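These notes concern the structure reproduced below.
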Amino acid sequence: MAAPTEFGPPWHASTLPSEAPLVPLPEHELALLERAIRLGRRGWGRVHPNPMVGCVLVRDGEILAEGWHREFGGPHAEVDALERVRGCPGGATAFVSLEPCRHHGRTAACTEELARAGVARVVYGVADPHPAAGGGGDVLRAAGVRVEGPVWPEAAGRRENPVFFHAGLQPFVAIKLALSLDGKIARVPGGPTRLTGPEATVAVHQLRAGFDAVLVGARTVHADDPRLTVREGGIEPRVPPARMVVDPDGSVTGERSLFREPAGRVLVFVASGVDEAVLDRLEGAGADVHRVPRRDRRLALGPVLETAARVGIRSILCEGGGRLANSFLAERRADRLYLFYSPIALGPDAVPGFPGPFPRAIWEQWRLAFPPARLGEDVLCVYDREA
């Protein structure tokens, strides 16, 4: 696996959370928490469904060790840092981006490991929202450790680890679109149009690495013949993302690149009334086929997401096309937008990225999650929908 990038993928280029701290800390300690956040981002694509977490151990102004959650099922950030200390960590302060967990799962409770190591103080960024693991701060206090946190409200954690903080029964859905300056996605319907440059392409591959599945519509498959795999960006996903296709009529064939790539399972969603011969053809090509009802000549997104959740998919990156993205937006089923803006205009006859029409309330609920990131000549803007 390639070495991790210094501070994670480009949409995480921001530093401290934008919210005002709930706990007053001096600037140098906020900087140490910032370092912990950035370290945690190195786990992107390797730790989900666990959160990205980093830890910095400091004593008498000296950094003793740094750690992060590197792999799902492996040591958490606090333990990773403790294992890297030369000598005894007694009396140290642990700066952790997320509240240390108090439960025994695949690993021991981080609260126990910190207390056993003699850590005197813990400063953590955001509270753990899960009943089984949360409350670690109180456990540490009961063990005699000085604890300060949460430093920021839950919104900061939701922005950093959106899938981990996602409370819905259906998967977390993010939409990725490449847009021209005038908000278009293609010159002509059904025709491929390359808008963004190589830096944006790398970022998309990095994005895929952190999701359970990548979703497209049948029109995108016919127009672009995408592979929907992670091939660039220096991040090898722990589990290759599943490839999902919304294909009401079962029109996708086994000659498409989706079926020729061995990485990741292929899930095809078809309408309930599709002929058995179509199902046999898709299954023969290697797809897991799921029937869902139609709604207004399209597949009902609710049943699609419910089915995805049943087969273990917690997060979905929707890469198009525009109609599918619009449906997610109109039904308020999208949680995040990754919009890659290219410095070109396609003109009034090109295909709009958001044809709508949408009521004004649809757009009013979206807020910029991170400062815009420059990717060569392109700009990436990430938006989160307010809960």
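Worth pointing out:
- Residue count for region 106-132 under the criterion of being open to solvent by 10 Å² or more (accessible area, probe 1.4 Å), in a loop (DSSP other than H, G, I, E, B) and farther than 18 Å from VAL58 by Cα: the result is 9.
- In region 50-69, the residue that is farthest from ARG208 (Cα to Cα) out of those that are surrounded by fewer than 22 Cβ atoms within 10 Å (Cβ to Cβ) and in contact with a strand residue (DSSP E or B) (Cβ under 8 Å, 6 or more places away or on another chain) is ARG59.
- Verdict on GLY320 being touching a Lys or Arg at 6+ places or on another chain (Cβ under 9 Å), assigned to a loop (DSSP other than H, G, I, E, B) and not charged (D, E, K, R): yes
Residue-by-condition table, conditions (1) out of contact with any Leu (no Cβ under 8 Å at 6 or more places or on another chain); (2) modelled with pLDDT of 95 or more; (3) more than 22 Å from PRO241 (Cα to Cα); (4) in a helix (DSSP H, G or I):
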position: VAL274; (1), (2), (3), (4): yes, no, yes, no
position: GLY302; (1), (2), (3), (4): yes, yes, no, yes
position: LEU305; (1), (2), (3), (4): yes, yes, no, yes
position: ALA309; (1), (2), (3), (4): no, yes, no, yes
position: ILE316; (1), (2), (3), (4): no, yes, no, no
position: ALA325; (1), (2), (3), (4): no, no, no, yes
position: PHE328; (1), (2), (3), (4): no, no, no, yes
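- Top-ranked residue of region 229-241 - restricted to ones that are buried (at least 22 other Cβ atoms within 10 Å of the Cβ) and farther than 17 Å from ARG70 by Cα, ranked as modelled with the highest pLDDT: PRO241
- The single condition from (1) surrounded by fewer than 21 Cβ atoms within 10 Å (Cβ to Cβ); (2) within 30 Å of GLY284 (Cα to Cα); (3) touching a helix residue (DSSP H, G or I) at 6+ places or on another chain (Cβ under 7 Å) that LEU177 fails is (2).
- Counted residues, region 169-191 - those being without any contact (Cβ under 8 Å) to a residue 60 or more places away in the chain and closer than 29 Å to THR307 by Cβ: 1
- Some residue of region 133-145 being surrounded by fewer than 24 Cβ atoms within 10 Å (Cβ to Cβ), within 22 Å of the chain's Cα centre (by Cα) and in contact (Cβ under 8 Å) with a residue 12 or more places away in the chain: yes
- Conditions (1) touching a strand residue (DSSP E or B) at 6+ places or on another chain (Cβ under 8 Å); (2) under 23 Å from VAL163 (Cα atoms); (3) assigned to a loop (DSSP other than H, G, I, E, B): number failed by GLU236: (1)
- Residue satisfying condition, being β-branched (Val, Ile, Thr) and within 29 Å of ARG367 (Cα to Cα), within set VAL173, VAL188: VAL173
- Residues satisfying the stated conditions in region 351-372, i.e. open to solvent by 10 Å² or more (accessible area, probe 1.4 Å) and farther than 19 Å from GLU19 by Cα: VAL351, PRO352, PHE354, PRO355, GLY356, PRO357, PHE358, PRO359, ARG360, ALA361, TRP363, GLU364
- ARG208 in a loop (DSSP other than H, G, I, E, B), charged (D, E, K, R), in contact (Cβ under 8 Å) with a residue 24 or more places away in the chain and buried (at least 16 other Cβ atoms within 10 Å of the Cβ): no
- Enumeration of residues in region 256-288 that are open to solvent by less than 30 Å² (accessible area, probe 1.4 Å) and out of contact with any strand residue (DSSP E or B) (no Cβ under 9 Å at 6 or more places or on another chain): SER257
- Whichever residue in region 330-342 is open to solvent by less than 20 Å² (accessible area, probe 1.4 Å) and part of a loop (DSSP other than H, G, I, E, B) and, among such residues, is farthest from ILE185 (Cα to Cα): ALA334
- Criterion (open to solvent by 20 Å² or more (accessible area, probe 1.4 Å) and of a type in the set (Asp, Glu)) met by exactly one of GLU78, GLU83: GLU83
- Condition check for ALA223 on (1) hydrophobic (A, V, I, L, M, F, W, C); (2) within 27 Å of GLY168 (Cα to Cα); (3) in a helix (DSSP H, G or I): one failure, at (2).
- Some residue of region 265-287 being of a type in the set (Asp, Glu) and within 26 Å of PRO192 (Cα to Cα): no
- For region 289-321, the set of residues classified as among the small types (Gly, Ala, Ser), open to solvent by less than 10 Å² (accessible area, probe 1.4 Å) and under 23 Å from GLN206 (Cα atoms) consists of ALA308, SER315, GLY320, listed by residue number.
The values are calculated or read from the model by the stated rules, or taken from the named source; none is laboratory data. Bear in mind the structure is a predicted one, so any value in this text is a computation, not a measurement. No Cβ is skipped: glycine too gets one built from the backbone with ideal geometry, and neighbour counts run over all protein chains shown. Just so you know, the surface numbers come from the protein's heavy atoms only, side chains and all, with ligands and any DNA or RNA stripped out. Shrake-Rupley method; radii C 1.70, N 1.55, O 1.52, S 1.80 Å.
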